[in-house]
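What follows is a single structure, and I will ask about it in a moment.
Coordinate-derived values only; no laboratory data. This is a predicted model, so every value here is computed, not measured. With ideal geometry, Cβ positions are generated from the backbone for all residues, glycine too; neighbour counts draw on all protein chains shown.
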Amino acid sequence: MTAISHGRLYQQRNRADGFDEKAIAQLLCTPGQDFARTTAGRRVWIMRTSISTLTQAWMTLLLSNVLPSDHNSDLPLPKCQLVYAILTRMSVHVAQVIADAIYLFARMAPTRNLLDPEKSNRALGFPALVTGLCQSFGFQVTPSKVI
């Protein structure tokens with residue numbers, strides 16, 4: 001896969017200078033807010049309380065439909081870059097973003113609930129896709145039945 005097939009989002013991520021994180025913070029955060037940083041000063045995420053209303057709307061849409069996550073209280077740097085790309089009208093190959101997320105989700109090691117080892121702590125990724133695939137293979141799917 002070449003960077004060109006991924007759209008400008010991937011091209012920007014792959015460049016040596018990458019994204020301008022200060023510009024990302026200015027666009028996505030409320031005035032005076034910035035990324036949370038590691039002890040070494042590296043920007044890692046933006047807390048939900050620091051992002052603008054428009055960014056919160058995009059964050060909710062992305063984390064609910066495009067890039068499911070079981071942790072939605074902040075926006076990690078790669079997802080900040082995606083929201084920034086959308087808001088600045090960069091070319092984003094959405095199908096590739098989703099395919100990459102599915103690949104990473106499928107490769108994640110399962111985690112178990114400490115109180116009940118029979119249960120997983122992971123959220124179900126891409127529930128609409130999973131439900132649709134189950135239905136297409138003849139499984140009975142009802143809204144009241146827990147997957």
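Select from region 28-46 the residues that are within 16 Å of L82 (Cα to Cα) and surrounded by fewer than 16 Cβ atoms within 10 Å (Cβ to Cβ) and list them in ascending order.
Scanning region 28-46 gives a single hit, V44.
Pairs, please: C-beta under 7 Å, at least 6 apart or cross-chain, first residue under 15 Å from N65 (Cβ atoms) and without any contact (Cβ under 8 Å) to a residue 60 or more places away in the chain and in region 95-109, second surrounded by 15 or more Cβ atoms within 10 Å (Cβ to Cβ) and of a type in the set (G, A, S)?
Final answer for the pair search is F105/G125.
Which numbered condition in (1) assigned to a helix (DSSP H, G or I); (2) more than 18 Å from G125 (Cα to Cα) is the only one that T60 fails?
Tallying (1) assigned to a helix (DSSP H, G or I); (2) more than 18 Å from G125 (Cα to Cα), T60 fails exactly one: (2).
While we're on this one: Report, by residue number, each residue of region 14-65 that is in contact (Cβ under 8 Å) with a residue 40 or more places away in the chain and of a type in the set (D, E).
E21
Can you tell which of S50, S64, S136, S69 is polar (S, T, N, Q) and touching a Leu at 6+ places or on another chain (Cβ under 6 Å)?
S69
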